[in-house]
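The values are calculated or read from the model by the stated rules, or taken from the named source; none is laboratory data. It should be emphasised that the depicted structure is a prediction, and the values quoted were computed from it without experimental measurement. Cβ sites come from the backbone with ideal geometry, for glycine too, and all protein chains shown count toward neighbours.
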Amino acid sequence: MTSTYTLTLGMPHTNRRGFSETDLMKQAGHCLWQAISSALGQPLSALRTVGGGEVYAAFYYIETVIPEVASLETYQVDDTVKFTISLRAFKNLSIEARVRVNHAGSSIAALRATADKKDPAPHAADGLDIRFANIFITPLAGNSALKVAPPAGVDCAALPPLPNAENPFHLTRAAREAGHLELFDPGWLLHDTVSEHSYQIDRDRDTNGAGLVYFANYVAFGDLAERMLATGGGLDSGERSLRHRRIAFYGNADIDDVLTIRTVVLTRHDRPSQIGFRHTMTRQSDGALICLTEVVKATERAVRVE
């Protein structure tokens with residue numbers, strides 16, 4: 001089952017460099033929820049457990065792959081973006097989505113490229129790919145205790161089946177034990193540069209309409225950790241452009257909780273203009289692992305890590 005959505009970028013979706021990754025996640029996630037709602041034949045806000053409890057399609061795995069030709073910096077205000085979404089379901093418990101994101105046919109970016117006498121074709125032909133995995137959950141005791149809960153009266157049989165062997169659940173479970181998401185092959189070298197800082201959840205800015213800390217904001221928490229590392233002198237400052245990210249979620253945090261974010265840096269000699277980060281986020285209330293993310297970014301110059 002495939003669905004297509006379009007969005008004209010404005011100020012809320014962009015930052016000083018182009019399409020904000022955090023807002024990309026928000027918009028792609030919103031389109032995904034619309035696609036799931038259409039497939040199930042009802043709004044997701046109407047989903048309930050057999051006992052009447054609220055049910056949410058929570059994210060537990062995300063992978064984003066972005067080629068240089070379709071970097072987030074190529075998306076600017078007034079560009080039209082197309083989201084193409086294909087769904088598969090594992091029983092009535094979880095849904096996987098493959099999301100293709102690219103410039104719609106006659107985007108402002110393509111017009112600019114034409115004006116600059118550059119070939120706009122790469123923008124039209126190439127895009128970025130996101131893999132989402134969602135699982136139906138219900139809160140038992142606020143945000144700190146979430147339980148898997150298939151929604152009552154809902155049948156995912158109309159969706160193509162997701163084979164158990166291809167379910168990202170296995171990847172996230174293995175990552176929890178290993179402490180990493182296997183984004184970095186042996187060519188990546190773990191640096192001595194490590195930082196750890198606390199982040200106080202902002203109950204107004206960081207939450208969504210369900211009262212949960214919004215999944216997309218964990219990207220922003222990791223980016224903040226990277227900036228703090230640079231500010232502290234342990235890493236060159238400068239612009240970085242996303243190329244590849246994996247995220248695994250293991251729970252959520254209460255709206256007044258504090259996150260501890262531990263960040264390590266990875267580099268490789270054969271790719272001096274790339275840098276890797278691994279962010280491990282736990283909640284201070286009980287030390288539980290909430291989020292693990294690994295990311296590769298392109299830099300403006302060769303990486304110098306002190």
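In region 202-219, which residue that is outside any loop (DSSP other than H, G, I, E, B) and in contact with a strand residue (DSSP E or B) (Cβ under 8 Å, 6 or more places away or on another chain) is nearest to Glu21 (Cα to Cα)? So the residue we want is Val219. Considering region 267-292, and only residues there that are farther than 19 Å from Asp202 by Cβ and under 15 Å from the mean Cα position of the chain (by Cα), the residue that is surrounded by the fewest Cβ atoms within 10 Å (Cβ to Cβ) turns out to be Thr280.
Filtering region 249-266 to residues that are part of a strand (DSSP E or B) and either of a type in the set (Phe, Trp, Tyr) or buried (at least 20 other Cβ atoms within 10 Å of the Cβ) (or both) leaves Phe249, Leu259, Ile261, Thr263, Val265, Leu266. Can you find a residue that is outside the structural domain of Leu87 (by TED's automatic domain parsing), on the phi > 0 side of the Ramachandran plot and surrounded by fewer than 18 Cβ atoms within 10 Å (Cβ to Cβ) anywhere in region 205-213? Yes, region 205-213 contains at least one residue that is outside the structural domain of Leu87 (by TED's automatic domain parsing), on the phi > 0 side of the Ramachandran plot and surrounded by fewer than 18 Cβ atoms within 10 Å (Cβ to Cβ).
This table checks each residue for (1) in contact with a Leu (Cβ under 9 Å, 6 or more places away or on another chain); (2) farther than 19 Å from Val296 by Cβ; (3) of a type in the set (Val, Ile, Thr).
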{"residue": "Pro151", "(1), (2), (3)": "yes, yes, no"}
{"residue": "Asp155", "(1), (2), (3)": "yes, yes, no"}
{"residue": "Pro160", "(1), (2), (3)": "yes, yes, no"}
{"residue": "Pro163", "(1), (2), (3)": "no, yes, no"}
{"residue": "Asn167", "(1), (2), (3)": "no, yes, no"}
{"residue": "His170", "(1), (2), (3)": "no, yes, no"}
{"residue": "Gly179", "(1), (2), (3)": "yes, no, no"}
{"residue": "Asp185", "(1), (2), (3)": "no, no, no"}
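Just a yes or no: is a residue in region 232-251 of a type in the set (A, V, I, L, M) and touching a Cys at 6+ places or on another chain (Cβ under 9 Å)? Yes.
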